[in-house]
Structures are given as C-alpha cells and as structure tokens.
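**Student:** Starting off with a structure, shown below.
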Amino acid sequence: MGRSKMIIGISCLLASLTLNSGCQIQDKNTDKNKNTEIRVGVLLYNMDDLFISVMTQKLDEGFREQEKKEDFKITVNFSDAKGSQTLQNSQIDKFIDQDYDVLCVDIVDRTDAAEIVDKGERADVPIVFFNREPVSADMKRWDKTYYVGTDSEEGGRQQGELFLEEYKKDKESIDRNGDGIIQYVILEGEPGHQDSMIRTESCLKTLKSAGIQLERLGTACANWTRTQGKEKMEGWLQGFGDTIEILFSNNDAMALGALDAMEENDIPFGQIKVIGLDGMEEAVTAIQEGKMLGTVLNDADAQVKSIIEIAISLGKKETPTDIDYMDSHHTVRVPHRIIK
Ligand code: GAL
C-alpha cells in the first residue's frame, strides 16, 4: 500500500469513527484490484464505553484482515449513537440511503428494536445485532436478523464460582470480621440491560445455592463507567469503610473505578476483594498486582469473529452457516471464562 493511500486509510478510520464521513467512496475508486464491494455499517451505542471501544477496534482490524482473504473490497463505516436511540435511528436511515449491504447494530435501547428491524426489512438490509440483546419478539419480526453476544446467566454464575473457589481456599481473608456472613456491595451496569440484571441475579444465586450467607451493604447503577463506579464506591466507603468485604461489579470498568476510590481513601489494595467482568487489559493487570481477585472474560475476539463472518456472508447474499455457537434462532452466545 502506498504511503498516500495509507494516510487516506488512517484518516478515513479516524473520521468515520467520529464523524461517519463518506471517505469510503475515495477508497473504493482507488482500489483497482477488487471489482466488487461489500458495505458494512457498524452502529455503536456509545463509544465512550470501554468494552465497546475495544470491540470497535477489533471489528475494524478484523474486517481489514478479512478483506485480504476475499476478492472484493470491504468498506466499513462506524457511527456512534452517544447513547441516543433517536440518533442511532437516523444513522441507520443514512446507511440504508447510502446502499449499505448489511448493518451491525449495538442498539441503544434493547427494548426498541422493532423499528430498526422493520427499516432493514423494507430495504432488504440484514441486521446483525450485538452486545445489547433485542427482545426475542423483535428478533422474530424478520428472518434476516442475527444476534451475537454471550449468556449473561453464565457470566454472573462464573463470577459467583470465582468467589467460591477463593472463599474455599482462604475464608479468613474474605470474611475478615469472621461473622460467617459476607458483607458485599454490588455495582450494576444499566437498568434494563440483560448483562446487568441477569449477571447480578445469577452471581448472587450461585453464592446462595452454595450456602453462603450474604449481607448487602449497597447496590447502585454506575452505567458501566469507571467515573461513576468510583463515585458510588466513594459513597460506600464513607458509609461503611473497610467493613465492606467484597465488591461485585457487572463489568471491569466500574470495578477499576472502585479501585480508584479505594486508592484515594487509603484502603490497602486486596483488603476489600473485587470481582469484575469483561477481562479488560487493565483489569487483568490489576489481578496480577493483587488489586482484584479476578474477572470473567467477555470474549470480544470470539464475538467479533462471529459478527464478521455473519456480516460478510449476508453481504454476499448468502445464508450464514458454520458460525461457532450459533443456534437455530440466529443467536450466537460466546462462552465466558474465569480469569484470576
Ligand atoms: C456488556 C459489557 C459492559 C458494557 C455493556 C454495554 O456486555 O460487559 O462492559 O460494555 O456490555 O452494552
């Protein structure tokens, strides 16, 4: 690739990640070797979200890698809904007007997919939802809709199992006041998000089923963010200090925020145990440094692989087959794994 084309490519990515520019048309006309093109629109619910920013990067790299293996051009354009369903709906209209072949949608409001599915059906543009799972009634409206995500119940259960493994090994270091009851706080993602409600429920259920007695000191939504995770933990530290024995967090970003709060309040790392979810790089480092007990991998690589395979196959007007973990309802649930 010539230097000038590489510069155009990089500026296209940056522009498209933020502005959803029309750079791809330049790209298309300068590539003489590939005579056909698949156009993929990727719609993110909010690119400030740590896990989503990682997914975005991997999707961009993955589609580029895939393009090298195909004899057609793959144009990918990203747009950020910044948490607004109204904005996302208009971004969808724009992609459809520009003749995109397939849309990969991280929907803002998972209860509101009907309109998007209907837009796709009217224009015959298939939709691969990911990360935020539409309700099944909406998925059933059209047979060219797919979903790639995880089993939220399994994610929460593995957080619980991680706790149990550590508790069996060293009860005293978790139940520090020795009362046989675990004083805990829990940071939840967003109200109404499958990965909040179900992860929380199944994590606590796993502990209760194993006979662990629990005392909840606090629960709060921190919208998946490090800043809000820190704020909520600060409040709990004011109220309960280090009588908190464990923090469960629906994701790593909020758990990292809680660590920030502990650091500012001079609580030694490792005293209050912390369990997150996602397997973000910084969380894995925090585990290695003894600041977190563990996390559960939300496998972005495997999810990205499935999204790309499904999107490319739909873009070629084929029916996706041989997709890892895909069931008969067009749903892919990538397994989790404990990291500690
Ligand atoms: C979850 C992930 C969170 C957050 C959320 C956004 O699957 O664990 O960190 O990114 O998706 O929908």
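The values are calculated or read from the model by the stated rules, or taken from the named source; none is laboratory data. Not measured: the values here are computed from a predicted model. A quick note on method: Cβ atoms are made from the backbone with ideal geometry, for glycine too, and the neighbour counts reach across all protein chains shown. These accessible areas exclude ligands, DNA and RNA; they are computed on the full protein's heavy atoms, side chains included. Shrake-Rupley method; radii C 1.70, N 1.55, O 1.52, S 1.80 Å.
**Student:** Explain nothing, just the number: relative contact order of segment 152-297, from Cα pairs under 8 Å at least 6 residues apart, as a whole percent. Each step should come with its number before you reach the end.
**Tutor:** Values: 289 pairs, mean separation 36.2, N = 146.
Relative CO of segment 152-297 lands at 25 percent.
**Student:** Over segment 152-297, with the other protein chains present, what is the accessible area per residue in square angstrom, probe 1.4 angstrom?
**Tutor:** On the way: 5970 Å² over 146 residues.
On a per-residue basis, segment 152-297 sits at 41 Å².
**Student:** At 222 nm, what value in deg cm²/dmol follows for the chain if DSSP H runs of at least 4 each add -39500 (n - 2.57) and the sum is divided by all its residues, to the nearest 500?
**Tutor:** Computed ellipticity for the chain at 222 nm equals -15000 deg cm²/dmol.
**Student:** What is the chain's relative contact order, in percent, from Cα pairs under 8 angstrom and six or more apart in sequence?
**Tutor:** 16 percent.
**Student:** Taking Cα atoms, how many degrees apart are the long axis of helix 300-315 and the longest axis of the chain, rounded to 10 and kept between 0 and 90?
**Tutor:** Helix 300-315 and the main axis of the chain meet at about 20 degrees.
**Student:** Run the reach check for K305 against lysines, Cα to Cα strictly under 23 Å, same-chain hits fewer than 8 apart removed. What comes back?
**Tutor:** K305 reaches K34, K58, K68, K69, K73, K144, K316, K317.
**Student:** Most fluctuating residue of T111, T36, T219 in a GNM of the chain with Cα springs under 10 Å: which is it?
**Tutor:** So, out of T111, T36, T219, the one fluctuating most is T36.
**Student:** Using +1 at the C-beta of Lys and Arg and -1 at the C-beta of Asp and Glu, which of G180, S136, L162 has the Cα lying farthest in the positive direction of the dipole of segment 130-204?
**Tutor:** S136
**Student:** From the P(r) of segment 152-297, could you give the percentage of C-alpha pairs in the tail past 25 Å? Could the numbers behind the result be given before it?
**Tutor:** On the way: 1675 of 10585 pairs.
Tail of P(r) above 25 Å: 16 percent of Cα pairs.
**Student:** Per the 1.4 Å probe, what fraction of the accessible area of segment 152-297, in percent, lies on carbon and sulfur atoms? Let's see the in-between values first.
**Tutor:** Details: 2730 of 5970 Å².
That fraction is 46 percent.
**Student:** Find, among the GluC sites (Glu not before Pro) in segment 65-97, those assigned to loop by DSSP (not H, G, I, E, B) with at most 16 other beta-carbon atoms within 10 angstrom.
**Tutor:** Values: sites: E65, E67, E70; in loops: E70.
Sites meeting the loop and neighbour criteria: E70.
**Student:** Angle check, please: helix 194-209 long axis (alpha carbons) against the longest principal axis of the chain (alpha carbons), in degrees 0 to 90, nearest 10.
**Tutor:** That works out to roughly 30 degrees.
**Student:** For segment 235-340, take N as its residue count and report Rg(C-alpha) divided by 2.2 N^0.38 Å. Please list the in-between numbers first.
**Tutor:** On the way: Rg = 18.8 Å, N = 106, 2.2 N^0.38 = 12.9 Å.
So the Cα radius of gyration is 1.45 times the expected 2.2 N^0.38 Å.
**Student:** Just E154, E37, E264 to compare: in a GNM of the chain, with alpha carbon springs under 10 Å, which one fluctuates most?
**Tutor:** Fluctuation is largest for E264.
**Student:** Mind checking the angle between helix 3-19 and the chain's longest principal axis? C-alpha axes, 0 to 90 degrees, to the nearest 10.
**Tutor:** Rounded to the nearest ten degrees, it is 60.
**Student:** How large are Rg and Dmax for segment 97-143 when calculated on the C-alpha trace, in angstrom?
**Tutor:** Both quantities, over Cα of segment 97-143: 10.0, 28 Å.
**Student:** Could I ask something else about it? Mind jotting down the distance between the C-alpha centroids of segment 35-99 and segment 234-292, whole Å?
**Tutor:** Result: 33 Å between the Cα centres.
**Student:** Same structure, new question: Can you check what the net charge comes to around I310, using other residues whose Cβ is under 12 Å from the Cβ of I310 (Lys, Arg +1; Asp, Glu -1)?
**Tutor:** The answer is -1.
**Student:** For segment 153-175 and segment 104-144, what is the centre-to-centre distance using only Cα atoms, to the nearest Å?
**Tutor:** Between the Cα centre of segment 153-175 and that of segment 104-144, the gap is 36 Å.
**Student:** Connecting C-alpha atoms closer than 10 Å in a GNM of the chain, tell me which of S173, S209, S196 has the biggest fluctuation.
**Tutor:** In this elastic network of the chain, the residue with the biggest mean-square fluctuation among S173, S209, S196 is S209.
**Student:** Kindly give Rg over Rh for the chain, based on alpha-carbon atoms, with the Kirkwood expression for the hydrodynamic radius. Spell out each step's value before the answer.
**Tutor:** Working: Rg = 21.8 Å, Rh = 21.2 Å.
With Rg and the Kirkwood Rh in hand, the quotient comes to 1.03.
**Student:** Taking the alpha-carbon distance from K273 and a cut-off under 29 Å, which lysines remain once sequence neighbours fewer than 8 residues away in the same chain are dropped?
**Tutor:** Cross-link targets: K168, K169, K171, K205, K208, K230, K232, K291, K340.
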